[in-house]
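Have a look at the structure below, then the notes.
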Amino acid sequence: MEGERTQLMCTTSQGDQPFNITWLMDEKPIQVRASDGGTSVSSVQTVATVETSNGIQISDYPPFSSILTINSVSASHSGNYTCQISNIAGLAEHSTSLSVAGWCPEKTDMVAVRKLCT
């Protein structure tokens, strides 16, 4: 539903480090820019967060995981998302589809109501 938050998690439980985790939307790499103060450091691990110009945040939890977050989804976020994890031995990937429904205005008997767009 438009305006809601969604997250996709990508993780590996086996394989030799180092890993490279890449996110794609509709088979194209998601282009990111460094966010303001987006890198946080804790005593356990370093978490790097970057975001795109269209509201997608990617938080890397080295060495095994990455989370893609969309804090307010819109129809422009609909598409196929793929996580690729690679190392010196090869590449593994998994894809899922995101379909965002929204609200459309509808007039009935001079009253404006909202209906779910599909």
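The values are calculated or read from the model by the stated rules, or taken from the named source; none is laboratory data. Predicted model, so just to flag it, every value in this text is computed and none were measured. For neighbour counting, all protein chains shown are included, and Cβ atoms are generated from backbone atoms with ideal geometry for every residue, glycine included.
For the stretch 69-78, which positions are loosely packed, with under 15 Cβ neighbours inside 10 Å and either under 21 Å from GLN17 (Cα atoms) or among the hydrophobic types (A, V, I, L, M, F, W, C) (or both)? If you could, list the steps in order and put the result at the bottom.
Filtering the stretch 69-78 for residues loosely packed, with under 15 Cβ neighbours inside 10 Å gives 71-72, 74-76.
Within the stretch 69-78, ALA75 is the sole residue that qualifies.
Report yes if some residue within the stretch 92-102 is surrounded by 13 or more Cβ atoms within 10 Å (Cβ to Cβ), at pLDDT below 95, of a type outside the set (A, V, I, L, M) and touching a strand residue (DSSP E or B) at 6+ places or on another chain (Cβ under 7 Å); otherwise report no.
yes
Would you pick out the residues in the stretch 1-22 that are within 15 Å of the chain's Cα centre (by Cα) and within 17 Å of CYS83 (Cα to Cα)?
If the condition is that a residue be within 15 Å of the chain's Cα centre (by Cα) and within 17 Å of CYS83 (Cα to Cα), then THR6, GLN7, LEU8, MET9, CYS10, THR11, ILE21, THR22 are the ones that fit.
Only one of TYR81, TYR61 is at pLDDT 95 or above, surrounded by 11 or more Cβ atoms within 10 Å (Cβ to Cβ) and among the hydroxyl-bearing types (Ser, Thr, Tyr). Can you tell me which? Before you say what the answer is, go through the steps one by one.
Numbers: TYR61 fails: at pLDDT 95 or above.
Only one candidate qualifies: TYR81.
Please find, within the stretch 1-58, the residue that is modelled with the lowest pLDDT out of those that are among the hydrophobic types (A, V, I, L, M, F, W, C) and in a loop (DSSP other than H, G, I, E, B). It would help to see each step written out before you state the result.
Start the filter on the stretch 1-58 by keeping residues that are among the hydrophobic types (A, V, I, L, M, F, W, C), which leaves 1, 8-10, 19, 21, 23-25, 30, 32, 34, 41, 44, 47-48, 50, 56, 58.
After this cut, where a residue has to be in a loop (DSSP other than H, G, I, E, B) as well, the list is 1, 19, 30, 32, 44.
Values: MET1: 78, PHE19: 93, ILE30: 90, VAL32: 71, VAL44: 42.
Residue satisfying both the conditions and the ranking: VAL44.
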